[in-house]
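So the structure is just underneath, and the comments pick up after that.
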Amino acid sequence: MSPAEYDFLRQFLKARSGLVLSNEKQYLIESRLLPVARKAGLASIAALVSKLRDPREAQLADAVVEAMTTNESFFFRDKVPFDHFTQLMLPQLLERRAAKRHLRIWCAAASTGQEPYSLAMCLKEMGPRLAGWRVEILGTDISNEVLDRARAGVYTQFEVQRGLPIQNLLKYFTQSGDQWTISAELRSMVQWRKFNLLESFAGLGQFDIVFCRNVLIYFDQPTKADIINRIGKLLAPDGYMVLGAAETVVGLSEAFKPVPDRRGLYAPNLVAAGGAAPIAGVRVAGLGGF
Amino acid sequence: MKHCLVVDDSSVIRKVARRILEDLSFAISEAEDGQQALESCRQQMPDAILLDWNMPVMDGLEFLAQLRKLDGGEAPKVVFCTTENDVGHIAKAIRAGANEYIMKPFDREIVEAKFQEVGLI
């Protein structure tokens, strides 16, 4: 791959998905994109790049973005956020929304569905406490391919053994060979939608809880700050945002403040002017995607 | 250091499991069947037991039933690790008092996830 081709792909991916590739990620591009090229009947990355320069190749462009952003996911990944969910967020919001009996949860990088389904299992475990409640879970991802898998809810024997308690496997899955399918009831609890986090959040509505885990790491600082600030705007003032174990709002945005002793959990910072002010020095203007 | 008893009639599986669990800071002892495992537990009750199902002399399920009757036998966390990977077997193991269940083939991540699940790590 020539330096010019590499630069083109970096810019292309940044503009399309926000994905930021550092120098020397050629191996990653080649391992992910050669199969895409072959599938499209192209012999090399060079041939793929020259096709991508043609704006009419929308389908190929989508396939390239998907191949570069697809990620592994686990049920109950990192465990701690789900403890926050059942021990703190849910009890509190059930009390605060007792009149409305309605909650909305957004999984902003739902991948193959393990996170939304883990939340659905947590809700089922609440049992009769949720009787009469409407709890919506929206799972979005930039990749259609992973969303198709999420919708189908079929997982391999390896996937159902990473993070999923065996009791939950027995309770919520049916087996066919070494494939395990999540129950129709849990599938009906989650809505799926293809969505690019660089696009406007208008139309998504308001949420009580947003899980945005292990996706900001792919973006540069201004894009991270911008996404966090925009989440701040669609979150209820008494709602919560959950970031990944290696992610933080500190130094990026004053729209949120960490919840003490709850790693990865953030609450809207209502003291900050407007609730979503970027801190000085972080430039958020001039981003693509609006 | 926590102590894990690895029970499997395959020396290869015992070796693989030992390597993974030693990396997770467990002290390991081994048994080749349920009978040996029971002897080992009578002498020193481990914190965890990684347990195969199909073994000569005494199988894993029979061992588990015997273990839970022993003095202090309720304490160890028992994680089955077997090629029996159908719902029927899993349900039977859980009813008999197993804490978790690994379907072979397994890898480091699965062992770690399951041991975390039962609070051993």
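The values are calculated or read from the model by the stated rules, or taken from the named source; none is laboratory data. Keep in mind the model is a prediction, meaning the values are calculated, not measured. Virtual Cβ from ideal backbone geometry, glycine too; neighbours counted across all protein chains shown. Protein only, heavy atoms only, side chains kept; ligands, DNA and RNA dropped before computing areas. Shrake-Rupley method; radii C 1.70, N 1.55, O 1.52, S 1.80 Å.
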Spin-label point model (7 Å from Cα, Cβ direction): what's the B:Val118 to A:Leu88 distance in nm?
-> 3.0
Count the DSSP beta bridges whose two residues both fall in region A:80-275, then state the antiparallel fraction as a percent rounded to the nearest 5.
-> 40
Packing-based ranking, highest mean first, of A:165-173, A:111-119, A:136-144, A:187-195 given that Cβ atoms within 10 Å are counted = A:111-119, A:136-144, A:165-173, A:187-195
Which distance in Å, rounded to a whole number, links the C-alpha centroids of region A:99-132 and region B:25-77?
-> 39
Estimated dipole of region A:1-68 in Debye, rounded to 20 [Cβ of Lys and Arg +1, of Asp and Glu -1, Cα centre] = 80
Counting DSSP beta bridges in the protein assembly as shown, what percent are antiparallel, to the nearest 5?
-> 25
With the label point 7 Å along the Cα-to-beta-carbon line of B:Leu24 and a cut-off under 18 Å to each amide N, the hits in region A:160-198 are A:160-169
Per-residue [θ]222 nm for the protein assembly as shown (sum of -39500 (n - 2.57) over DSSP H runs n ≥ 4, rounded to 500) = -11500 deg cm²/dmol
Could you tell me the distance between the Cα centroids of region A:1-59 and region A:137-202, to the nearest Å?
-> 29
Spatially proximal lysines relative to A:Lys39 (Cα-Cα < 21 Å; intrachain offsets below 8 disregarded) | A:Lys51
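Could you size up the charge dipole of region B:2-117 around its Cα centre, putting +1 on the beta carbon of Lys and Arg and -1 on that of Asp and Glu, and report it in debye to the nearest 20?
Working: 14 positive and 21 negative charges, 35 e Å.
I would put it at about 160 debye.
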Enumerate the aspartates and glutamates that A:Lys25 could reach by cross-link, defined here as Cα to Cα under 17 Å, with residues fewer than 8 away along the same chain left out.
-> A:Glu5, A:Asp7, A:Glu66, A:Asp220
Pair A:Ile217, B:Asp107: separation of 7 Å Cα→Cβ label points (nm) | 1.6
Surface share of carbon and sulfur [accessible, 1.4 angstrom probe, percent] for the protein assembly as shown | 50
Extend 7 Å from the Cα of A:Glu185 along its Cα-to-C-beta direction; within region A:110-132, residues with backbone N under 20 Å of that point are A:114-132
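Take every residue in peptide A:158-170, count the Cβ atoms of other chains within 10 Å of its Cβ, and give the average of those counts.
On the way: counts 6, 0, 2, 13, 6, 6, 3, 7, 15, 7, 0, 4, 5.
Averaged over the peptide's residues, the number is 6.
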Would you mind computing the Rg to Rh ratio of region B:2-117 from its alpha-carbon coordinates, Kirkwood style for Rh?
-> 0.91
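Estimate for me the total accessible surface buried between chains A and B (protein heavy atoms, probe 1.4 Å, no ligands or nucleic acids), in Å² to the nearest 100. Before the final figure, lay out the partial values.
Numbers: alone 13940 and 6150 Å², together 18540 Å².
So the total buried area for this chain pair works out to about 1600 Å².
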Can you list residues whose amide H is under 5 Å from B:His3's amide H, if they're 5+ apart or on another chain and H is modeled 1.01 Å from N?
-> B:Ala27, B:Asp47, B:Ala48
A:Val250 versus A:Phe201: modelled label distance in nm, points set 7 Å from Cα along the beta carbon direction = 2.3
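Treating only the Cβ atoms of Lys and Arg (+1) and Asp and Glu (-1) as charged, compute the dipole magnitude of region A:65-218 about its Cα centre; round to the nearest 20 debye. Please report the intermediate quantities before stating the final value.
Details: 18 positive and 16 negative charges, 128 e Å.
The dipole magnitude comes to about 620 debye.
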Global form of chain A, assessed from the alpha-carbon gyration tensor, a/c cut-off 1.5 | oblate
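What trypsin sites (Lys or Arg not before Pro) in region A:1-62 are in a loop by DSSP, with at most 10 other Cβ atoms within 10 Å of the Cβ? Mind dumping the intermediate values first?
Values: sites: A:Arg10, A:Lys14, A:Arg16, A:Lys25, A:Arg32, A:Arg38, A:Lys39, A:Lys51, A:Arg53, A:Arg56; in loops: A:Lys25, A:Arg53, A:Arg56.
When the trypsin sites (Lys or Arg not before Pro) of region A:1-62 are filtered for loop state and at most 10 Cβ neighbours within 10 Å, A:Arg53, A:Arg56 remain.
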Distance violations [Cα-Cα > 29 Å] among A:Lys14/B:Lys114; A:Lys100/B:Lys114; A:Lys79/A:Lys194; A:Lys257/B:Lys2; A:Lys100/A:Lys224; A:Lys171/B:Lys69 = A:Lys14/B:Lys114; A:Lys100/B:Lys114; A:Lys257/B:Lys2; A:Lys100/A:Lys224
Amide H contacts under 5 Å for B:Ile121, placed H, 5+ residues apart = B:Gln116
